[in-house]
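In what follows, a single structure is set out as structure tokens and then discussed.
The values are calculated or read from the model by the stated rules, or taken from the named source; none is laboratory data. Everything quoted here is computed from the prediction, not taken from an experiment. For neighbour counting, all protein chains shown are included, and Cβ atoms are generated from backbone atoms with ideal geometry for every residue, glycine included.
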Amino acid sequence: MDRRSFITAKTNTKTPEFRTNAGLFSYSPPFGNAEIIHLLKRVLFGVKQADISKVKGKTLDEVLDLLLIADPAPVPPLNNYNDANYTDPNVPLGQTWVTAPNDGNATGRRITSFKSWWTGLMLNQNTSIHEKMVLFWHNHFATETADINDARYVFKQNALIRSFALGNFKALVKEITLDPGMLRYLNGYLNNKTSPDENYARELQELFTLGKGPKSNYTESDVKQAARVLTGYTVNATTIASAFDPNKHDTGNKQFSAFFNNALITGKTGTSGASELDELINMIFQQPETALYICRRLYRFFIYYEIDVATETNVIAPLATIFRNSNYEIKPVLKALFSSEHFFDPVNRACLIKSPVDFCVGLCREFNMVFPLSTDIVNHYYMHDYIRTQASNMQQNLGDPPSVAGWAAYYQEPQFHELWINADTLPRRNQFSDTMIGNGYTRNGKKINIDILSFVDSLPNPADPNILISDSLSIIYSIDISQEVRDFLKSILLSGQSTDSYWTGAWVTYKANVSIAANRTIVLTRLQAMFKYLMNLPEYQLS
């Protein structure tokens with residue numbers, strides 16, 4: 001099935017004038033398993049049974065309070081890369097490199113270490129939206145490791161985003177403006193009074209705050225004036241920090257257009273020149289379009305790519321009001337969105353195509369795959385990087401979006417998330433799930449794969465094929481499937497037999513003595529075949 005027919009069949013891209021009139025009114029019960037799965041699949045990477053158990057029996061408000069708790073800062077990435085071909089002269093194996101001196105020979109290895117570390121945080125995430133928000137902001141303030149070319153800056157930027165992921169957006173914009181990695185990536189450290197560089201000033205308005213909507217009417221002159229405000233910032237490669245150099249700052253007045261109410265930022269001398277940044281940010285955040293733009297970005301990341309007139313009126317506009325009234329705190333916006341009738345409207349369930357990261361990491365989490373222990377640092381990181389590489393092969397490489405605009409699936413009209421699926425990436429998804437449910441991936445005698453026997457054994461009643469199928473579907477799918485498909489799944493378990501007792505007997509016999517290889521093989525081969533089929537269906541690509 002080609003990408004277009006796949007999407008049209010499964011996400012109803014042919015829409016009427018509006019998809020739904022549901023707005024931000026608080027959602028009322030039922031808040032059962034289907035609603036829990038829908039919520040968790042959107043805010044987490046996949047849903048583990050432990051995640052479901054953690055929220056079961058709680059009210060929606062209680063669940064959201066849990067999901068919106070920020071995680072503590074994690075242990076930084078470690079040196080897992082010393083081998084026979086290279087030994088980092090500054091960092092022993094198992095120690096962190098994030099504050100070590102730069103070493104050009106180690107840069108590539110450290111960046112891979114960083115990506116492995118980040119993938120591991122996703123795989124081991126708490127029942128919190130924090131990790132999904134880190135990915136959201138990474139895509140929003142997109143930079144590329146290949147251009148920054150120093151893993152220390154890459155990590156520092158990730159740590160910054162991580163610390164503000166559920167915090168204040170306005171404060172984050174200021175901090176990301178001064179971030180050494182961003183200053184390097186968009187040439188901010190080269191921007192001075194004698195040779196203004198407009199890169200960051202342009203993206204600050206076009207991509208990071210105001211967007212390119214019909215009401216974002218800033219001018220080319222506004223870009224030039226903002227670039228003058230931002231002159232004088234430098235980067236210290238030894239301390240990995242930014243600084244303000246008054247001697248490189250343009251001290252002249254900066255006149256902005258009518259879009260900004262003809263604001264004038266008076267030029268300042270000495271260290272006072274740094275305060276012009278605050279005036280610039282305040283000026284931008286006084287524009288209503290800033291809140292509207294960020295709310296649209298959140299909506300397309302977490303809900304659906306299409307924003308019709310009804311959604312703009314009933315969801316985006318009131319969300320933007322909440323955003324502005326909370327002084328640009330992100331939590332109130334997320335809580336309002338995820339507790340709304342709109343979020344739980346049936347039309348917004350199972351309508352998003354999983355991103356490659358969501359697909360790969362989510363598969364590992366929902367089947368509770370076991371990775372090498374952190375004490376085995378080399379294989380621990382390497383197996384995490386194997387998962388990251390699979391997502392990269394499907395066109396989402398953590399740390400390296402294709403441009404400053406991020407991954408096209410989050411902004412490119414009219415396809416948006418349809419871009420994740422094409423003749424190359426869909427087979428790669430199937431190959432990955434086939435490998436994990438089959439022989440898995442082995443390196444240095446260590447193997448990762450889906451232990452389907454363990455997964456099924458953790459379900460309430462795996463001896464009953466009907467209950468086994470229903471319970472499995474309720475975890476790995478967020479959409480119901482036809483009775484015809486259910487019957488086919490059961491036929492795999494029954495192996496051509498006519499009664500449910502065949503599977504029940506096979507499972508009970510296996511459990512009576514799990515060490516008997518023949519009994520184990522009977523149930524294992526049937527379970528692997530059933531779950532392989534399930535993960536190859538189009539429905540498994542949806543969240």
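Per-structure values
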{"quantity": "Per-region count, the stretch 172-198, residues closer than 29 Å to Ala320 by Cβ and free of Cβ contacts under 8 Å to residues at least 24 places away in the same chain", "calculated": "1"}
{"quantity": "Qualifying residue in the stretch 518-538 (condition: modelled with pLDDT under 95, under 39 Å from the mean Cα position of the chain (by Cα) and of a type in the set (D, E, K, R))", "calculated": "no"}
{"quantity": "Residues being among the aliphatic types (A, V, I, L, M) and within 18 Å of Thr290 (Cα to Cα) - total across the stretch 251-270", "calculated": "2"}
{"quantity": "Boolean, Ala226 is buried (at least 21 other Cβ atoms within 10 Å of the Cβ) and free of Cβ contacts under 8 Å to residues at least 40 places away in the same chain", "calculated": "no"}
{"quantity": "Test: Tyr410 is among the hydroxyl-bearing types (Ser, Thr, Tyr), in contact with a Lys or Arg (Cβ under 7 Å, 6 or more places away or on another chain) and surrounded by fewer than 23 Cβ atoms within 10 Å (Cβ to Cβ)", "calculated": "yes"}
{"quantity": "So Ile469, is it in contact with a Leu (Cβ under 7 Å, 6 or more places away or on another chain), closer than 18 Å to Ala34 by Cα and crowded, with 16+ Cβ neighbours inside 10 Å", "calculated": "yes"}
{"quantity": "First in the stretch 75-95 and within 13 Å of Asn105 (Cα to Cα), second anywhere and crowded, with 17+ Cβ neighbours inside 10 Å and of a type in the set (S, T, N, Q), Cβ under 8 Å, 6 or more apart", "calculated": "Tyr81/Thr112; Tyr81/Ser113; Asp88/Asn79; Asp88/Asn82; Val91/Asn79"}
{"quantity": "Output for the stretch 340-360, where each listed residue is in a loop (DSSP other than H, G, I, E, B) and touching a helix residue (DSSP H, G or I) at 6+ places or on another chain (Cβ under 8 Å)", "calculated": "Arg349, Ala350, Cys351, Leu352, Lys354, Ser355"}
{"quantity": "Members of the stretch 366-399 found to be within 18 Å of the chain's Cα centre (by Cα) and hydroxyl-bearing (Ser, Thr, Tyr), listed by number", "calculated": "Tyr386, Thr389, Ser392"}
{"quantity": "Test result for Val98, of a type in the set (A, V, I, L, M), in a loop (DSSP other than H, G, I, E, B), under 22 Å from Asn236 (Cβ atoms) and at pLDDT 95 or above", "calculated": "yes"}
{"quantity": "Residues (surrounded by fewer than 16 Cβ atoms within 10 Å (Cβ to Cβ) and touching a residue at least 24 places away in the same chain (Cβ under 8 Å)) located in the stretch 472-484", "calculated": "Ile481"}
{"quantity": "Any hit, the stretch 375-392, residues being of a type in the set (A, V, I, L, M), surrounded by fewer than 20 Cβ atoms within 10 Å (Cβ to Cβ) and more than 20 Å from Ile111 (Cβ to Cβ)", "calculated": "no"}
{"quantity": "Selection count, the stretch 429-450, where residues are out of contact with any Gly (no Cβ under 6 Å at 6 or more places or on another chain) and surrounded by 18 or more Cβ atoms within 10 Å (Cβ to Cβ)", "calculated": "6"}
{"quantity": "Condition met for Ala274 (of a type in the set (A, V, I, L, M, F, W, C), closer than 30 Å to Met535 by Cβ and out of contact with any helix residue (DSSP H, G or I) (no Cβ under 6 Å at 6 or more places or on another chain))", "calculated": "no"}
{"quantity": "Tally of residues being more than 18 Å from Tyr27 (Cβ to Cβ) and among the hydroxyl-bearing types (Ser, Thr, Tyr) across the stretch 299-345", "calculated": "5"}
{"quantity": "Single residue of the stretch 102-134 satisfying the filter (farther than 19 Å from Cys364 by Cα and free of Cβ contacts under 8 Å to residues at least 24 places away in the same chain) that is surrounded by the fewest Cβ atoms within 10 Å (Cβ to Cβ)", "calculated": "Gly104"}
{"quantity": "Residue in the stretch 301-310 that is in contact (Cβ under 8 Å) with a residue 60 or more places away in the chain, β-branched (Val, Ile, Thr) and closer than 26 Å to Asp345 by Cβ present", "calculated": "yes"}
{"quantity": "In the stretch 355-390, the residues that are closer than 23 Å to His38 by Cβ and in contact with a Cys (Cβ under 9 Å, 6 or more places away or on another chain)", "calculated": "none"}
{"quantity": "Selection count, the stretch 370-400, where residues are touching a helix residue (DSSP H, G or I) at 6+ places or on another chain (Cβ under 7 Å), within 14 Å of Phe432 (Cβ to Cβ) and without any contact (Cβ under 8 Å) to a residue 12 or more places away in the chain", "calculated": "0"}
{"quantity": "Failed condition for Ile479, given (1) aliphatic (A, V, I, L, M); (2) within 19 Å of Gln528 (Cβ to Cβ); (3) not in a helix (DSSP H, G or I)", "calculated": "(2)"}
{"quantity": "Number of the condition not met by Lys212 [criteria: (1) assigned to a strand (DSSP E or B); (2) under 27 Å from Cys295 (Cβ atoms); (3) not β-branched (Val, Ile, Thr)]", "calculated": "(1)"}
{"quantity": "Any pair with Cβ under 6 angstrom, 6 or more apart, that starts in the stretch 406-418 at a residue that is without any contact (Cβ under 8 Å) to a residue 24 or more places away in the chain and ends at one that is outside any loop (DSSP other than H, G, I, E, B)", "calculated": "Ala408/Leu419"}
{"quantity": "Looking only at the stretch 443-481, and only at residues there that are modelled with pLDDT of 95 or more and of a type in the set (S, T, N, Q), the one that is farthest from Asn368 (Cα to Cα)", "calculated": "Asn466"}
